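Throughout, read-outs are computed from the coordinates displayed, never taken from laboratory work. Here the structure is a predicted model, which means the values were calculated and not measured. Positions of Cβ are backbone-derived with ideal geometry, glycine not excepted, and every protein chain shown enters the neighbour counts.
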Amino acid sequence: MPDLLFRPLGADELHLFHRYGPGPTSGVGARGRTFDEYVAIGDYRPEWIWVAQHGDDVLARAVFWAPPEFAQPFHLEWFDPGADIEVGARLLRACYDALVGPDYATPPHPDGGRPDYQLFLPSDWRERPEAQADATDRITAAELAGLTFFTERLTLRWSADDGLPVRSGRLRFTPAADDRRLTDVIARTYPGTLDAYGATDAARHGADRAAADLLDEVAGMPGGRQWWRLAHDRDGDLVGMVLPTRNPGSATIGYLGVVPEHRGRAYVDDLVAEALHLFAEAGEPTVEDTTEVGNHPMAGAFLRAGYRVAGRRVILV
């Protein structure tokens, strides 16, 4: 298409984002806040809001996200490729070429790389033709732009109305304040992990570096460290750890893990229960967590604790 322009919006042009028209009605790509609310809190910035423009028409749009205190985007989070998938793909290529330079690095991508694409989906997206079509369009355009499928994750949500799971009393929890000790424990949980991010980082950098990076990321979240706990069994043996915290949207379990020699005893249920009790004592009304679709032990622990599946997320890198 001649005269097709791919560009970020100026600070006084954000109204053009809405010229694309309404987004999908299937729930694909839906976020917890509106576009204007994300702009107002600084998560979406003009230089990260891109459009494919033909004359006065906006044919595709893409928005990258990061918390306000960070200078580079973490994720591609909002993407509407339009009627022509190739136009959407060309828009993404232009975005990534402009936004990802040799100095690109963020907490989720400490070794550089580039922002991943987080496609938020309703939990039943594969069962509804309209939702499946909307999702397929976005995935296809992203793959044409050079991104590849990484994983699919469940989004699970617990609220105070769901009730608290019982603390079994099998484990003794103590505050986790020693970073060196925590890094060692996290590294010990990586062998056999079903978490795609953990497995990838440990394979790429080694378990110790991956654990240190993860701890730095969780420590940088708004929830701080006051809820972090080590878990020991009745004999005093270390079983694992749980790092409850908050992200910008809600309370969340930043990380939890059971060391290999204590797996197979459903201790993950105790770790989740402890986190929820700590959140409830602090007055947190909701907790939102994610796990791999294929991580059945972790997903099962969340569901047994009273979480409900609130959505899914396909991630491309």
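The calculated FRET efficiency for the pair Asp184 and Glu281, based on their C-beta separation and a Förster distance of 22 Å, comes to about 0.20. Summarising the strand pairing of the range 4-147, around 90 percent of its internal DSSP beta bridges are antiparallel.
Our coupling estimate for the range 22-36, obtained by passing each phi through the Karplus curve with A = 6.51, B = -1.76, C = 1.60 and θ = phi - 60°, is x, x, x, 8, 7, x, 5, x, 5, 10, x, 10, 6, 3, 5 Hz, Gly and Pro reported as x. Averaging the Cα positions of each part gives two centres, and for the range 105-121 and the range 243-266 these lie 21 Å apart.
Between the alpha-carbon centers of the range 31-102 and the range 291-317, tell me the distance in whole angstrom. Using only Cα atoms to place each centre, the spacing works out to 27 Å. In this rough spin-label picture, where each label sits 7 Å from Cα along the Cβ direction, the Ala30-Leu144 distance is 2.7 nm. Across the range 65-70, computed HN-Hα scalar couplings (Karplus, 6.51 cos²θ - 1.76 cosθ + 1.60, θ = phi - 60°) run 10, 7, x, x, 7, 9 Hz from first to last residue, x flagging Gly and Pro. Along the range 167-174 the Karplus relation, 6.51 cos²θ - 1.76 cosθ + 1.60 evaluated at θ = phi - 60°, assigns HN-Hα couplings of 6, 6, x, 6, 10, 10, 9, 10 Hz to successive residues, with x for each Gly and Pro. Sorted fewest first by neighbouring Cβ atoms within 10 angstrom, His15, His109 come out as His15, His109. Subtracting the Cα-Cα distance of Asn247 and His15 from their residue separation scaled by 0.36 nm leaves 80.7 nm.
Under a 5 Å amide H cut-off, with hydrogens placed 1.01 Å from N, Trp78 pairs with Val63 among residues at least 5 apart or on other chains. Working ranking of peptides 123-130, 276-283 by packing, defined as the average number of other Cβ atoms within 10 Å per residue, highest first, is 276-283, 123-130. Residues whose amide H lies under 5 Å from that of Thr151, counting only those 5 or more places away or on a different chain, are Ile315; hydrogens are built 1.01 Å from N in the peptide plane. Membrane-span-like helices in the chain, defined here as complete DSSP H runs extending at least 24 Å along the helix axis by their C-alpha atoms with mean Kyte-Doolittle hydropathy no lower than 1.6, are absent; this is a sequence and geometry rule, not a statement about a membrane.
Only DSSP H runs of four or more residues enter the estimate; each adds -39500 (n - 2.57), and after division by the residues of the chain the mean residue ellipticity at 222 nm equals -9500 deg cm²/dmol. Extension gain, Glu69 to Arg128, is 17.4 nm, computed as 0.36 nm per intervening residue step minus the present C-alpha separation. Remark on Ala60: its backbone amide H falls under 5 Å from those of Ala52, a criterion applied only to residues 5 or more positions apart or on other chains, H modelled at 1.01 Å from N. Ranked by the mean number of other Cβ atoms within 10 Å of their residues, highest first, the peptides 172-178, 158-164, 135-141 come out as 135-141, 158-164, 172-178. With the simple model of a label 7 Å out from the Cα in the direction of the Cβ, Val100 to Ser168 spans 4.2 nm. Apply the a/c threshold of 1.5 to the C-alpha gyration tensor of the range 253-295 and tell me whether it is rounded, prolate or oblate. It is oblate, given that a/c is not under 1.5 and a/b is not larger than b/c.
Remark: the chain carries a charge dipole of roughly 780 debye about the Cα centre, counting +1 on each Lys and Arg Cβ and -1 on each Asp and Glu Cβ. For the chain, modelled as a Gaussian network with Cα springs under 10 Å, which listed residue fluctuates most, Asp116, Asp80, Asp179? Answer for the Gaussian network model of the chain: Asp179.
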